[in-house]
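Working notes, beginning with the structure itself.
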Ligand code: MG
């Protein structure tokens with residue numbers, strides 16, 4: 001586990017910038033979400049993301065990050081994370097994960113939501129409900145005095161109670177002046193481990209919840225992560241600051 005001293009504690013002024021960034025990002029993702037329609041390609045979604053990000057006078061945090069070619073990560077059905085907009089058309093009954101990161105005033109913000117398009121199968125609807133609820137179970141543990149793995153345990157235990165699995169190969173992260181800061185925040189683990197949480201820590205908590213096995217693989221484009229068994233996966237993410245009064249969602 002990452003020692004506590006590698007987790008950057010944000011000042012009130014920094015949290016204020018991250019709060020503004022989060023508000024902007026929240027508007028961006030809701031606009032992108034409502035633009036989704038049947039028949040669009042994921043490339044169309046990416047271009048829409050580019051336009052909305054530009055309209056808000058911020059930068060995409062993902063474009064060019066380690067060579068990532070898209071403006072946002074768009075992952076359909078069996079797509080877990082890091083999907084690149086391409087010629088795939090969105091059909092009724094699909095679920096689409098929209099993951100958007102921005103840079104505002106030299107600070108990063110990161111959020112993701114998985115959206116049903118048209119009528120989805122009941123089991124898929126339940127996957128989305130459990131995925132989103134697991135994020136909030138994790139967030140609820142982001143309070144001073146708790147251990148980092150209390151977040152991980154809360155996510156995993158809730159997801160598994162409902163018969164789904166959590167991805168092990170990708171994790172949440174600290175965030176601030178960099179997109180990925182310490183600590184790594186797995187969505188699995190036993191409680192009471194790792195650093196003690198303190199006021200001013202800022203985390204991007206992001207459960208990836210699979211209907212079948214937790215196993216994933218990366219496609220030949222070097223980015224797109226899909227479930228190994230081809231079953232659907234849901235992804236939800238918020239940035240959260242630990243405050244004296246408990247967790248505050250910055251991207252809500
Ligand atoms: Mg993230």
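Each value in this text was obtained by applying a stated rule to the coordinates, not by laboratory testing. Model, not experiment: these values are computed from the prediction. Glycine gets a Cβ as well: all are built from the backbone with ideal geometry, and neighbour counts include every protein chain shown.
Here region 214-252 is scanned for amide nitrogen atoms under 15 Å from the site 7 Å beyond the Cα of residue 9 along Cα-to-Cβ, giving 242-245.
Give the distance, in whole Å, between the Cα centre of region 84-99 and the Cα centre of region 188-252. Centre-to-centre (Cα) distance: 20 Å. The calculated 222 nm mean residue ellipticity attributable to helices in the chain amounts to -9500 deg cm²/dmol, summing -39500 (n - 2.57) over DSSP H runs of n ≥ 4 and dividing by all residues. Working value for region 30-128: equivalent-ellipsoid semi-axes of 24, 13, 12 Å, each the square root of 5 times a Cα gyration tensor eigenvalue, largest first. Per residue, the average separation of C-alpha pairs within less than 8 Å and at least 6 apart gives region 4-249 a relative contact order of 22 percent.
With both labels modelled 7 Å from their Cα along Cα-to-Cβ, the residue 129 to residue 199 distance reads 3.8 nm. Applying 1/(1 + (r/R0)^6) with R0 = 22 Å to the Cβ-Cβ distance of residue 65 and residue 89 gives a FRET efficiency near 0.25.
Treating r as the C-beta distance of residue 213 and residue 140 and R0 as 35 Å, the FRET efficiency rounds to 0.80. The simple Förster model, with R0 at 30 Å and r as the Cβ-Cβ distance, assigns residue 51 and residue 221 a FRET efficiency of 0.80. Using a Gaussian network model of the chain in which every pair of alpha carbons under 10 angstrom is joined by a spring, one finds that among 75, 30, 134 the greatest mean-square fluctuation is at 30. Note on region 4-249: Cα-Cα pairs beyond 30 Å make up 21% of the total pair count.
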